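So the structure is just underneath, and the comments pick up after that.
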Amino acid sequence: MSEQRAPEIEALSEEEVFEQKRVRLEKRERLNELAGGDLGGGAYPVELPVTATIPEVRAKWGRLEQEPDSASGETVGVAGRVVFQRNTGKLCFASLQAGDGTRIQAMVSLAEVGEESLARYKELVDLGDHLFVSGEVISSRRGELSIMVEEWRIAAKALAPLPNMYAGLNEETRVRQRYLDLIQREQARVNVVTRAKTMASLRRTFAERDFIEVETPMLQTMHGGASARPFVTHSNAFDTELFLRIAPELYLKRAVVGGLERVFEINRNFRNEGADSTHSPEFAMLESYQAYTDYRGIADLTQALIQDAALAVNEGSEREGTHTVLWADGTLFDLGGEWDRISMYGTLSEAAGREITPATPVEELLAIAEAEGVEVRLPNHGKLVEELWEHFVKEGLTRPTFVMDFPVETSPLTRHHRQIPGVVEKWDLYVRGFELATGYSELVDPVVQRERFVQQAAEAARGDDEAMRIDEEFLRALEHGMPPSGGMGMGMDRLLMALTGLGIRETILFPLVK
């Protein structure tokens, strides 16, 4: 008896990997030679007589595992990837794995397939191959749900060996070769399903509130909608410089001007900045705008979106019906209840032990920053306040928390606070200690907006490459009248971080790596 497990390819030399591929290439040639015979279709057939999926067979006949050495009387044709093999003289065993990780045993016996077919199976089938088998659903003597194979065919020949299915991949391999991660690791597959459930839930919540999903340009002649460094490219057709968008905000607001009073978009943004555990140069973003509400109303909407997503993720689990999510490390995190809403200036003053207001001079803030070892590039009042708040307050936030009322200097697209001079009606939502979303009472006065753009242009002239430029087309749209509105932006990758407890590279299926 021989047992074949996936070799640990990370430990193989280049010569050993080359030799394995050489042998498999020879098997590919042999399969193609046999095409049209009883193995019809060669190494990569175009179709196979699949009648059921492995999960369907398990759902229907899983009870047979309680009845060892029993038979269903039903013949099925299934296909899956070979992730385990054990060959004996007259009987071969293989574990076939479906895309969702579900497995079933295939038993290839001399009595059922004949001597020639069994010999070809032993000769041509390797770990990692996609294999089609047809036969009766049975329970083995050990009580394992199995297919007693009457016919088998290669569905796709694997030329490269799989990694060891019983040893974990390192993080670098998981990120660079996500397909191997998906084959091997249950959590990787769960992450994909969780993201899909989350996106579906967000769209469902928006639909229930009469929002319309729209799409806006990713290639833009003017970057704007956020303070960030853009990626720059060139259009040969138009012979002009273009920017990969850093945010869809200015186009979505044009839609509101045009009468689409509740709109949202889920799509990709690109920011030419650093990458770390919470930042990726390319990321998925949700932005939404609602006429006739303000930043408080949009905070209510954001809380509902996230809590509905938690309910969706928990469907079918022991936490179904709750907002408490299970993180990958086993931690339970409660997203339920009403979330705290705290003042940026108030909590900063309390933590710093001195009153800090919108009127606090820059020199005084610089002195505090220097004493605390906080460095601020191109400091102004707003940037200093935000950096000091992060230094003093951010790490102490554990529950989901809306941090309200930001300095005007750092929020050029936001309406002035209706009671507090020097402050705008903006919040940032912090979950797990990082910023998950931001919301505004939108600035809709085109005169004030132009003034803010001019201020941003001055910042850009001073060397701030994240500052916005004057967008005349957007200002022209505002001059036609935009109703009072609330707007929100939320990173989808970060939302998955909040729901799963994972780092950003785990929540993105194929993250950008060097």
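The values are calculated or read from the model by the stated rules, or taken from the named source; none is laboratory data. Everything numeric here is computed off the predicted structure, so don't read it as measured data. Virtual Cβ from ideal backbone geometry, glycine too; neighbours counted across all protein chains shown. We work out accessible area using only protein heavy atoms, side chains counted, and drop any ligands, DNA or RNA first. Shrake-Rupley method; radii C 1.70, N 1.55, O 1.52, S 1.80 Å.
I need the full set of residues from the range 198-209 which are under 16 Å from the mean Cα position of the chain (by Cα) and either more than 17 Å from residue 507 (Cα to Cα) or open to solvent by less than 20 Å² (accessible area, probe 1.4 Å) (or both), in order please.
198, 201, 202, 203
Tell me which of these residue 46 doesn't satisfy, since it passes every other one: (1) over 35 Å from the mean Cα position of the chain (by Cα); (2) modelled with pLDDT under 95.
Answer for residue 46: the failing condition is (1).
Checking the structure you have, find out if any residue of the range 483-503 is basic (Lys, Arg), within 25 Å of residue 376 (Cβ to Cβ) and under 22 Å from the mean Cα position of the chain (by Cα). Even if it seems obvious, please write down each step before you answer.
Taking the range 483-503 first, the residues basic (Lys, Arg) are 494.
In the following step, the residues that additionally are within 25 Å of residue 376 (Cβ to Cβ) were identified as 494.
Filter once more, keeping what is under 22 Å from the mean Cα position of the chain (by Cα): 494.
For the range 483-503, residues basic (Lys, Arg), within 25 Å of residue 376 (Cβ to Cβ) and under 22 Å from the mean Cα position of the chain (by Cα): present.
Residue-by-condition table, conditions (1) among the β-branched types (Val, Ile, Thr); (2) closer than 29 Å to residue 504 by Cα; (3) in contact (Cβ under 8 Å) with a residue 12 or more places away in the chain:
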position	(1), (2), (3)
119	no, no, no
142	no, no, yes
155	no, no, yes
174	no, yes, yes
196	no, yes, no
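With the requirement that a residue be open to solvent by 60 Å² or more (accessible area, probe 1.4 Å), part of a loop (DSSP other than H, G, I, E, B) and of a type in the set (D, E, K, R), what does the range 223-261 give you?
Passing the criteria: 229, 239, 261.
Identify all residues within the range 341-358 that are surrounded by fewer than 19 Cβ atoms within 10 Å (Cβ to Cβ) and in a helix (DSSP H, G or I); write none if there are none.
Scanning the range 341-358 gives 346, 349, 350, 351, 352.
Identify, by number, the condition in (1) over 25 Å from residue 485 (Cα atoms); (2) open to solvent by less than 10 Å² (accessible area, probe 1.4 Å) that residue 394 doesn't meet.
(2)
What are the pairs, 6+ residues apart or on separate chains, where a residue within the range 4-24 that is over 20 Å from residue 95 (Cβ atoms) has its Cβ under 8 Å from a residue that is assigned to a helix (DSSP H, G or I) and modelled with pLDDT under 65?
17/9
Residue-wise test of (1) surrounded by 13 or more Cβ atoms within 10 Å (Cβ to Cβ); (2) free of Cβ contacts under 8 Å to residues at least 24 places away in the same chain; (3) touching a strand residue (DSSP E or B) at 6+ places or on another chain (Cβ under 6 Å).
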site	(1), (2), (3)
33	no, yes, no
46	no, yes, no
56	yes, yes, no
59	no, yes, no
74	yes, no, yes
77	yes, no, yes
82	yes, no, yes
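Within the bounds of the range 365-377, is there any residue that is more than 26 Å from residue 457 (Cα to Cα), among the charged types (D, E, K, R) and not in a loop (DSSP other than H, G, I, E, B)?
Yes, because at least one residue in the range 365-377 is more than 26 Å from residue 457 (Cα to Cα), among the charged types (D, E, K, R) and not in a loop (DSSP other than H, G, I, E, B).
Going by the conditions given, is residue 338 surrounded by fewer than 16 Cβ atoms within 10 Å (Cβ to Cβ), in contact with a Ser or Thr (Cβ under 9 Å, 6 or more places away or on another chain) and either among the aromatic types (Phe, Trp, Tyr) or not in a helix (DSSP H, G or I) (or both)?
No; evaluated as a whole, the condition is false for this residue.
Whether any residue in the range 210-222 is part of a strand (DSSP E or B), of a type outside the set (Asp, Glu) and surrounded by fewer than 18 Cβ atoms within 10 Å (Cβ to Cβ) is what I want to check.
Here is the first cut: in the range 210-222, the residues part of a strand (DSSP E or B) are 212-213, 219-220.
Subset that is of a type outside the set (Asp, Glu): 212, 219-220.
Cutting the leftovers down to surrounded by fewer than 18 Cβ atoms within 10 Å (Cβ to Cβ) gives us 212, 219.
Yes, some residue in the range 210-222 is part of a strand (DSSP E or B), of a type outside the set (Asp, Glu) and surrounded by fewer than 18 Cβ atoms within 10 Å (Cβ to Cβ).
For the range 262-332, which fully contained strands (runs of 3 or more DSSP E) count at least 1 residues that are surrounded by 19 or more Cβ atoms within 10 Å (Cβ to Cβ), within 15 Å of the chain's Cα centre (by Cα) and at pLDDT 95 or above?
282-291
In the set 127, 131, 118, 159, which member is over 26 Å from the mean Cα position of the chain (by Cα) and in a helix (DSSP H, G or I)?
118
Which condition does residue 115 not pass, out of (1) crowded, with 20+ Cβ neighbours inside 10 Å; (2) out of contact with any helix residue (DSSP H, G or I) (no Cβ under 8 Å at 6 or more places or on another chain), if it passes all the others?
Against the list (1) crowded, with 20+ Cβ neighbours inside 10 Å; (2) out of contact with any helix residue (DSSP H, G or I) (no Cβ under 8 Å at 6 or more places or on another chain), residue 115 comes up short only on (1).
Among residues belonging to the range 150-184 that are basic (Lys, Arg) and more than 28 Å from residue 46 (Cα to Cα), point out the one that is surrounded by the fewest Cβ atoms within 10 Å (Cβ to Cβ).
Of the range 150-184, the ones basic (Lys, Arg) are 153, 157, 174, 176, 178.
Then drop every residue that is not more than 28 Å from residue 46 (Cα to Cα), which leaves 174, 176.
On the way: 174: 19, 176: 15.
Ranking the qualifying residues of the range 150-184, first place goes to 176.
Does at least one position in the range 106-114 carry a residue that is outside any strand (DSSP E or B) and of a type in the set (D, E, K, R)?
yes
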